[in-house]
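Notes for the one structure printed next.
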Amino acid sequence: MTTQAVTLIIDGCAVATVDADGTEYRSGHVLLYGNRIGVVGAGPAPDLGPGVRRIDGTGCLLTPGLVNTHHHLYQWITRGLAPDHTLFEWLTTLYPIWAGIDEDAVRVAATGGLASLARSGCTTTTDHHYVFPREGGDLLGAEIAAAADIGLRFHPCRGSMDLGKSKGGLPPDDVVESLDAILAASADAIDRWHDPSFDSMLRIALAPCSPFSVTPELLRESATLARESGVRLHTHLAETLDEEDFCQQSFGCSPAQYMEQLGWLGPDVWYAHGIHFDDAAIASIAASRTGIAHCPTSNARIGAGIARTADLLAAGVPVGLGVDGAASNESSSMLEEPRNALLLARAHGGPRALTTRKALAMATIGGARVLGRDAELGSIEPGKLADLALWRLDTPAHAGIDDPVAALILGARPPLAALIVNGREVVTDDAMRTIDESEVGRQVARAQAALVAKAG
Ligand code: ZN
């Protein structure tokens with residue numbers, strides 16, 4: 001180790017590494033080498049002189065940055081609508097409003113949503129964007145620009161819908177695209193933006209929306225294109241019993257059987273939700289190492305049901321957490337997800353259904369596994385990327401809670417002393433460094449009013 005290589009020191013804090021052994025330090029330190037973690041250990045950091053920036057972590061807990069595995073950022077400007085509706089009622093209320101989005105609206109919405117994620121400890125997020133109005137412009141480019149401005153590691157999914165109402169689907173015909181247009185745009189997105197490197201800040205996935213809004217041809221063709229291009233596949237699956245009924249009536253099988261028939265199982269696939277799985281579906285998902293983005297807050301808000309988290313984890317399924325779209329989770333606060341995952345799992349399955357450590361692991365290394373990046377992200381280990389959250393636990397809200405991980409998962413959301421993404425400080429002292437939050441708030445309010453007025 002040379003002192004020149006150390007770019008940032010954090011010490012004096014508790015450390016939950018979330019490594020395979022669950023290593024934790026009551027008081028420890030981390031040294032960063034640029035965008036990589038260099039050293040992690042117990043006690044104070046070595047004295048490297050005054051030339052290296054040092055963050056005093058006294059009173060704080062250091063964890064890996066949280067990984068969000070499912071979102072729809074454009075919904076940040078359509079929150080609070082249809083608040084007491086079923087999923088299908090909620091979708092049919094919102095589709096006509098979403099039909100009015102354009103580049104400016106998506107960039108503002110994504111900035112608001114990404115800022116909320118950063119302020120709640122998230123360092124890597126996906127987005128599933130599946131509404132592309134004909135006059136909307138470059139919507140994926142708009143959210144990619146927003147993520148670059150905020151400074152989060154980003155995995156946008158080129159989503160799609162090609163099964164409009166006239167063909168038996170749920171969405172109105174004016175928000176769906178043709179199969180050819182979708183495949184061309186998907187290939188273009190991969191060519192323009194996908195970066196497979198270890199340090200990548202941006203990876204593309206392909207993501208036909210759901211069984212009730214896409215054709216089997218689109219699912220099959222998207223899987224072929226993704227596998228030829230080395231990108232991942234994502235979709236919504238087994239979210240509600242209405243979807244189960246739709247698949248039984250349309251295809252004569254369950255959503256999980258339908259996806260299996262179309263080649264949508266494998267270590268390169270992850271499903272959002274995965275609530276209504278039977279034992280056979282869990283066994284095939286586990287055997288194929290297909291991932292699940294568990295979205296407990298959204299699932300409870302929509303009343304969709306409670307995913308069988310304990311059974312999925314026991315079967316060895318990679319399970320991460322997701323906030324889901326802001327229109328079904330108005331807070332979209334990443335730290336609420338491990339807490340709500342734990343609460344729902346225990347309310348449903350008893351006191352041993354999910355531990356605080358497993359909840360934190362789902363929010364970090366679990367999400368990294370779901371995105372195929374567990375060699376790079378999700379735990380604090382030398383050589384991994386420097387994505388870290390430093391939580392302040394010495395305010396009256398948390399001071400005196402004996403176990404820092406319990407304080408984080410079960411207590412109120414603590415202030416973030418720092419959020420570091422790829423070695424760069426994005427949040428310091430619970431405020432964004434990369435954007436003006438007050439100005440973004442004003443832009444979000446204006447964009448929301450304009451979009452709702454447009455839908456008339
Ligand atoms: Zn979703």
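The values are calculated or read from the model by the stated rules, or taken from the named source; none is laboratory data. Treat the numbers as computed from the prediction; the structure is a model and nothing was measured. Backbone-built Cβ (ideal geometry, glycine too); neighbour counts: all protein chains shown. All accessible areas refer to the heavy atoms of the entire protein, side chains included, with ligands and DNA or RNA removed. Shrake-Rupley method; radii C 1.70, N 1.55, O 1.52, S 1.80 Å.
Close amide-amide hydrogen proximity is noted between GLY28 and GLY12, CYS13, ALA14, VAL15, GLY43, each under 5 Å apart and 5 or more residues distant or on a separate chain (H modeled in the peptide plane; Pro and chain starts excluded).
Across the stretch 256-264, coupling constants 3J(HN,Hα) worked out from phi with the 6.51/-1.76/1.60 Karplus curve, θ = phi - 60°, read 5, 5, 4, 5, 4, 4, 8, x, 9 Hz, and Gly and Pro carry x. Entry comment: accessible area of the chain is 36 Å² per residue, from protein heavy atoms only and a probe of 1.4 Å.
Among 441-453, 115-127, the peptide with the highest mean count of other Cβ atoms within 10 Å heads the list, and the full ranking is 115-127, 441-453. Within the accessible area of the stretch 371-456, the carbon and sulfur atoms contribute 51%, probe 1.4 Å, all protein chains present. With respect to the chain, whose longest principal axis is taken over its alpha-carbon atoms, helix 216-229 is tilted by about 40°. Taking Cα atoms only, the orientation of helix 87-98 departs from the longest principal axis of the chain by about 90 degrees.
Arrange the residues PHE88, PHE212 by how much accessible surface each exposes, largest first, with a 1.4 angstrom probe. Before the final figure, lay out the partial values.
Details: PHE88 35, PHE212 10 Å².
Result of the area sort, largest leading: PHE88, PHE212.
Using a probe radius of 1.4 angstrom, the carbon and sulfur fraction of the accessible surface of the stretch 66-370 is 51%. Between ALA314 and ILE401, the simple label model (points 7 Å from Cα in the Cβ direction) yields a spacing of 2.8 nm. Averaging the sequence gap over all C-alpha pairs within less than 8 Å and six or more residues apart, then dividing by the number of residues, gives the chain a relative contact order of 21 percent.
Protein heavy-atom surface of the stretch 16-55, 1.4 angstrom probe: 52% of the accessible area is carbon and sulfur, with nucleic acids and ligands not counted. Under 5 Å from the amide H of HIS155 lie the amide H atoms of THR125, THR126, ASP127, ARG203, each residue being 5 or more positions distant or on a separate chain, with H modelled from the backbone and absent for Pro and chain starts. Applied to the stretch 169-178, the Karplus parametrisation 6.51 cos²θ - 1.76 cosθ + 1.60 on θ = phi - 60° returns per-residue 3J(HN,Hα) values of x, 8, x, x, 4, 7, 10, 9, 10, 7 Hz, with x for Gly and Pro. Helix 103-119 and the longest principal axis of the Cα set of the chain meet at an angle near 40°. Averaged over residues, the count of other Cβ atoms within 10 Å places the peptides 19-30, 60-71 in the sequence 60-71, 19-30, highest first. Computed packing ranks the peptides 255-266, 330-341 as 330-341, 255-266, most packed first, by mean other Cβ atoms within 10 Å. Lacking any other cysteine beta-carbon closer than 4.7 Å, the following Cys residues of the chain have no compatible partner: CYS122, CYS157, CYS209, CYS247, CYS253, CYS295.
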